[in-house]
Each structure stands twice: as C-alpha cells, then as structure tokens.
C-alpha cells in the first residue's frame, strides 16, 4: 500500500456569513484516498455522476454541467439514493478510502467559546444568570462579526473552525496512519485559501510539540475548483449527507446538551487527540440510529458509516460540547473541556 494520501476537503454554509440566525451553520467533510488510487476515483466519479444524472427528473438536470451538486440529490428516489450509497461504499472499501465530517451550528459555537471563558471556574458558569448569559453570547457573536469585517474576505468566520478540522486530518494521517499526505481544497478565493492554510499550518506545528513528527507527514495543499476535480465533486455529496443528518435529527444538537464544564477523565476509548478522551456517553434517539441503519430513507449514511475515520462523526452540541458519534456503538461522546 502506498505511503502517500490525497485528501479532498469541501465545506458548506447556511447563513454563516453575517451569522443572521441561530440556525446558521457550517459543515466540513473530507475524502482521503491513497494517491495511487486517484485514477480509479476519476473513473468511478464520472460513472456515478452519470448514473445519478440519468435518474433525475429532466427538469432538474442542467445540461452540460460539469458536476451534479449534492442539493440535486434530493430529487432522487430513496431507492436510487440507496444505490448511490452502495456504489460509494464499494468504491471506498476497494480503494481504502476514509471520510471525515464536522458540523458546527452557530449556537453551539458561541457556547463553545463561552465555555472556554469559564473552563477554570465551572461554578461561576453554572451560576450565570440568563440575562448575563444572553449578553455574553451576543458579545461573542459581535466579536466574531468584527473579526470577519476586519479580516480578508471571509477568513474571520472560518479560520478557527477550519484550523480544528485541519487538525483532525493531520492527526489521523500523521499520528494514526503515519503516512505522508497532501490536501486538495475546494477553492474559495486564492488569497483567502493561502491565508487560511497558513493559519491552520501554524497551529498544527504547535500541536506537533505534543506528538513530535506528526506534522512532518504533511506535504502541503493545493486549491482548485470542484468542477474540475473528481475528488472534490464526490466530497460535495458527502458534506451534503453529513449536513442532512443533523437537519433530520435536531435533538442530537440540543436534547441532553448542558452548559457546564466537563472535566477531563481517564476513559481511553475513542481518543481523537492524544490526551483528550470522551467524557460522557450520550444515547442516540431511535430516529437518529435509524439514519445509520435503515435503508430506503433517502440517506447514504447506512452505507457510509463504516468509512468514517476512526469510526466517528464530530460536531458541536447546542451548549458547546465538542461531541462525536461512534459509528460502532451508535452513541455520542462528549469530549472533556
């Protein structure tokens, strides 16, 4: 097996720029493949795009379009969605591919920042009055908007989150696989792309002090338009599937989420970063579990769940818990603050 991987990264936004509503969100996904399998990816992606286009209602097909975006898949029948899921499952299995997902609702991100303010004073956080809480949340929102307005392009509203997602990629390939890798990013704007990766790379170098040598496996990034890159076209479908899962299961975001600092614990299971372990197990609802188990429901996740890196899907809960879903257990785990 090759010692070299290529990772395709895409993102999707809903009312994120301007943070206009509490439902604003951003979602990242990545597809990682051995570089020697990229020719297989090219052939597969062309075939599966054609398969999907041929089964869309004629009114929903844009003639001569270079790619079929994930938003068009909603017009396919559940049976066809299952077929797409099976095909992607087979391709990923045969070609040793893995996927990543990260969903960030605005409310969860505000609260994540709020929790960070009180990480050394959990009692004060617990006693925070509603008016003071609402005031601080609005201050956090305004601080984020100010950073956005003062920054280059949209950098101020995505750099913190992308830095975290970039860290997932670096840790998985550099520490877990110990394989060299390069990133292909769905370009937004060349100057912004360069600044965004410069920030993420600088942070990853700092983290490298915890796991020396991990960052050395990173071989840089390139940015391209998704219309010309099969891996970016396919990961667009994956990011759509991840976002749709959270839209269908809002209780996963809220539900048992609590505004309290979670102290570290020694549970070694499912560690994502060295030294950070899941703190508390959260049971998923029957409906949420069904999204990973039941076919014919208009989702590819029952076929993709076995391909998530380290078997987890990561997100922020309503009150800011950094949480991931274990695909093997179909349960959620909070990470210690």
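The values are calculated or read from the model by the stated rules, or taken from the named source; none is laboratory data. None of these values were measured; they are calculated from a predicted model. Positions of Cβ are generated from backbone atoms using ideal geometry, with glycine treated the same way; all protein chains shown enter the neighbour counts.
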Looking only at region 220-230, decide whether some residue is farther than 21 Å from residue 42 by Cβ and outside any loop (DSSP other than H, G, I, E, B). yes
Residue in region 15-37 that is free of Cβ contacts under 8 Å to residues at least 60 places away in the same chain, closer than 15 Å to residue 70 by Cα and either crowded, with 16+ Cβ neighbours inside 10 Å or touching a strand residue (DSSP E or B) at 6+ places or on another chain (Cβ under 6 Å) (or both) present: no
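Among 139, 152, which is the only one that is surrounded by fewer than 17 Cβ atoms within 10 Å (Cβ to Cβ) and either in contact (Cβ under 8 Å) with a residue 40 or more places away in the chain or part of a loop (DSSP other than H, G, I, E, B) (or both)? Outline the logic, then answer.
Values: 139 fails: either in contact (Cβ under 8 Å) with a residue 40 or more places away in the chain or part of a loop (DSSP other than H, G, I, E, B) (or both).
Just a single option satisfies the conditions, and that option is 152.
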On the basis of being part of a helix (DSSP H, G or I), modelled with pLDDT of 90 or more and more than 25 Å from residue 294 (Cα to Cα), does residue 113 make the cut? yes
Counted residues, region 48-70 - those being in a helix (DSSP H, G or I) and exposed (fewer than 12 other Cβ atoms within 10 Å of the Cβ): 4
Sole exception among (1) under 24 Å from residue 308 (Cα atoms); (2) surrounded by fewer than 18 Cβ atoms within 10 Å (Cβ to Cβ) for residue 204, by number: (2)
Can you name every residue in region 183-198 that is surrounded by fewer than 16 Cβ atoms within 10 Å (Cβ to Cβ) and either in a helix (DSSP H, G or I) or in contact with a helix residue (DSSP H, G or I) (Cβ under 7 Å, 6 or more places away or on another chain) (or both)? 187, 190, 191, 194, 198
Anything in region 292-337 that is in contact with a strand residue (DSSP E or B) (Cβ under 8 Å, 6 or more places away or on another chain), part of a loop (DSSP other than H, G, I, E, B), in contact (Cβ under 8 Å) with a residue 60 or more places away in the chain and within 20 Å of residue 250 (Cα to Cα)? List them, or say none. 317, 318, 321
